[in-house]
Amino acid sequence: MRIVRILAGLAVIGAFPAFPAVAQTAQTPEVLQRQVDELKERVAKLEAALAALQGAPAPVPAAAPAAVQVQPSEPVSPAGAAAAASSAKVFNPDMAVIGNFLGVGGKNPVDPSKAFEMRETEASFQAVVDPYARADFFLSFGESGVDLEEGFVTFTSLPGGLLVKAGKMRAAFGKVNTLHTHVLPWADRPLVTANLVGGEEGIADAGVSVARLIPVPGLFLEATGQVFRGDSENVFASRRPRDLSYVGHLRAYRDITENANLDAGVSYARGQSFFADDPSTLVGVDVTYRWKPLQRAIYHSFVGRSEVIWNHAPQPLGSATGAGFYVSGDYQFARRWYAGGRYDASDRATDLSLRDRGGSASLTFWPSEFSQVRGQYRRTVYAGDQVANEVLFQLQFSIGAHGAHPF
């Protein structure tokens, strides 16, 4: 509006010298018509200037041969402007490296760990490809080699509100399976993940994912369907091209109060069993409760998590169904201090008649958002009453710009 007023004032000032001529000249039709034509021409020029200020691109200097000349009759769309503004990000993506150092002390007769190890070093590369897609790559460096943890492109502007991903990715099965190692609230993964959902790698494979928000008043509801090649270590195995695996997830989120919210989901996965030629089916239910008071958000918070997973898999004497679960809570009692506890139990996928149980307590200190120190005591009672008591020490540190993970 301010630009319009300025241009209108200029139009009046520019037209003012013509008024004395009108008063001093005989008011013939020819003179009046000429003055009207001059005023129309000036108004047309002002309207063109206003249009240029409101949205037309600035003229490109002729001396810049690399620049793209845009004709005035071809307006630049918002998508094109966004692409030009973010073109630098295509050649210089956000990059980060996160180190995860783990030390373990104690005795574990079933699954012993190394005293010290650089458990994982994750390198991430993330950038917007164009106005319609973005790309994310996560490389995992271990002491024995390098692996592509995730690498996919996300199409964000498809019709129907669809969100499509293609590449290698972690399956949208429950909560823990979707999390990278460095964002876990513990130094390890629960027994149910290790026994039934493939351990550290979990259900992760190359494939296509389609997600869509379902409009429901007062509720965030998201449905996700995924198709993978069918290879997930210790979960699914693709022996033929048609041995695909399928994952479905329905997530519901709702704010309970201004300080608390509840997140719940149901998951389904099916594919060829890793241990036999018959298919395996996994069903999971996950619930997450978060409490973070607005007035004391940097000092106090609480997150409660739980997952229950059922695994129907072939066995030597026929199919059987096993189950596992965990329940955990993490309380922030100071600005940089967190205390947590977890209890879990799970059958083993290799023999669903065997069941392991465990519990742990942890204390975490965050010197800054770029580093984390955690101590955790873990007690596990394996099938056959073999007991393991261990102390875990975890140190994490990061450099660079690392994008946010799914909430």
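At a glance:
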read-out: Enclosed volume per residue, in Å³, of the convex hull spanned by Cα atoms of the range 94-400; value: 148 Å³
read-out: Backbone HN-Hα couplings from phi across the range 381-393 [Karplus 6.51/-1.76/1.60, Hz, Gly and Pro as x]; value: 10, 7, 4, x, 6, 8, 10, 10, 10, 9, 10, 10, 10
read-out: Per-pair calculated FRET efficiency, R0 = 51 Å: Ser368 and Glu47 via Cβ, rounded to 0.05; value: 0.40
read-out: Cβ-based exposure ranking for Ser144, Ser319, Ser232, in which fewest neighbours within 10 Å come first; value: Ser144, Ser319, Ser232
read-out: Fewest-first ranking of Arg374, Arg379, Arg290, using other Cβ atoms within 10 Å as the exposure measure; value: Arg379, Arg290, Arg374
read-out: Residues Leu196, Leu163, sorted so that the one with the fewest Cβ neighbours within 10 Å comes first; value: Leu163, Leu196
read-out: Whole-angstrom gap from the range 227-286 to the range 290-356, using each part's C-alpha centre; value: 16 Å
read-out: Under the Karplus curve 6.51 cos²θ - 1.76 cosθ + 1.60, θ = phi - 60°, whole-Hz ³J(HN,Hα) for the range 208-222, x wherever Gly or Pro sits; value: 10, 10, 10, 10, 8, 7, 9, x, 9, x, x, 8, 8, 10, 10
read-out: Stretchable slack from Thr156 to Gln33, in nm (0.36 nm times residue separation minus alpha-carbon distance); value: 38.6 nm
read-out: Around Ser232: net Lys/Arg minus Asp/Glu count, Cβ-Cβ under 14 Å; value: -4
read-out: Normalised convex hull volume, the range 264-365, alpha-carbon set, Å³ per residue; value: 99 Å³
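Values quoted throughout were computed directly from the atomic coordinates according to the rules given, and no laboratory measurement underlies them. From a predicted model like this one, the values you see are computed outputs, not experimental measurements. All Cβ positions, even for glycine, are placed from backbone atoms using ideal geometry, and neighbour counts span all protein chains on display.
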